[in-house]
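Notes to accompany the following structure.
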Amino acid sequence: MKKSFLPILLLLLAIGLSLGAYIGVKKVLALPFRATNDMLHQESWPINLDFLIPAGIHIPERMSIGEVIKIRFKGHKAIWEQWAEAIMATVPIRYRYLANIVFYGFWFFLFMVFFRLFTFMGYGRAFRISLLLGGITYFFMPDFRPGRLDDLCAVLIPLAIIMIKWKFFGNKKRIKARV
């Protein structure tokens with residue numbers, strides 16, 4: 001009982017600190033920008049919010065700090081990004097999905113070849129790890145469809161396959177003990 005109490009207490013403490021930080025940051029980002037910045041200037045704080053003000057943008061009285069941060073770091077698209085979006089808009093969506101699948105398959109194939117040539121991994125383990133590493137690489141690479149849903153699927157499906165394999169077909173001693 002004593003051995004399990006400390007990890008549970010530490011886990012609850014970590015969850016509490018994380019939740020407190022999340023709620024605190026959310027409340028700070030909801031504060032009105034101009035009133036907060038004016039108050040920081042009046043009280044001569046060493047840090048104020050002037051560095052967040054985007055050039056050429058009027059900040060209304062009710063705009064929150066979070067909205068100003070979104071405007072400040074939204075950034076403008078480069079010419080090549082605008083050009084790529086114009087071309088991709090003419091390509092039908094099913095071909096973009098097909099291109100994404102081929103792109104993911106390319107990364108999977110490269111990892112599979114690497115593991116089979118340079119390690120002593122079996123086909124099953126190399127297949128699962130290649131799916132996962134291909135998904136992670138695909139997640140961070142630009143692809144032909146905007147959004148994160150396909151990127152998350154490329155990582156979560158291999159993770160689910162690995163977890164299912166580990167849970168149901170994992171350690172032979174554990175499986176014999178279950179039966």
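The values are calculated or read from the model by the stated rules, or taken from the named source; none is laboratory data. Treat the numbers as computed from the prediction; the structure is a model and nothing was measured. Cβ: placed from backbone, ideal geometry, glycine included. Neighbour counts: every protein chain shown.
Mind telling me which of the residues I65, I136 ends up being surrounded by 12 or more Cβ atoms within 10 Å (Cβ to Cβ), assigned by TED's automatic domain parsing to the domain that holds I157 and within 26 Å of the chain's Cα centre (by Cα)? Full working, then the answer.
On the way: I65 fails: assigned by TED's automatic domain parsing to the domain that holds I157.
Answer to the selection: I136.
Out of the range 68-80, which residues are under 22 Å from the mean Cα position of the chain (by Cα), free of Cβ contacts under 8 Å to residues at least 40 places away in the same chain and assigned to a helix (DSSP H, G or I)?
K70, I71, R72, F73, K74
Being of a type in the set (S, T, N, Q) and either surrounded by 10 or more Cβ atoms within 10 Å (Cβ to Cβ) or assigned by TED's automatic domain parsing to the domain that holds V68 (or both) is the filter here, so list the residues in the range 1-24 that pass it.
Result: S18, single match.
Suppose we filter F144, F51, F127 for residues that are surrounded by 10 or more Cβ atoms within 10 Å (Cβ to Cβ) and assigned to a helix (DSSP H, G or I); which single one remains?
Of the residues listed, the single one that is surrounded by 10 or more Cβ atoms within 10 Å (Cβ to Cβ) and assigned to a helix (DSSP H, G or I) is F127.
Do we find a residue being modelled with pLDDT under 90 and under 30 Å from P54 (Cβ atoms) anywhere in the range 106-129?
No, the range 106-129 contains no residue that is modelled with pLDDT under 90 and under 30 Å from P54 (Cβ atoms).
Could you please find all residues in the range 25-48 being of a type in the set (D, E, K, R) and surrounded by 14 or more Cβ atoms within 10 Å (Cβ to Cβ)?
Listed by number, the list holds a single entry, R34.
Quick one: in the range 72-100, of everything that is surrounded by fewer than 14 Cβ atoms within 10 Å (Cβ to Cβ) and aliphatic (A, V, I, L, M), which residue is nearest to N37 (Cα to Cα)?
The qualifying residue nearest to N37 (Cα to Cα) is A78.
Per-residue answers, yes or no, for (1) touching a Leu at 6+ places or on another chain (Cβ under 7 Å); (2) assigned to a helix (DSSP H, G or I); (3) outside the structural domain of P32 (by TED's automatic domain parsing):
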{"site": "Q82", "(1), (2), (3)": "no, yes, yes"}
{"site": "I87", "(1), (2), (3)": "no, yes, yes"}
{"site": "Y104", "(1), (2), (3)": "no, yes, yes"}
{"site": "W107", "(1), (2), (3)": "no, yes, yes"}
{"site": "F120", "(1), (2), (3)": "no, no, yes"}
{"site": "L132", "(1), (2), (3)": "yes, yes, yes"}
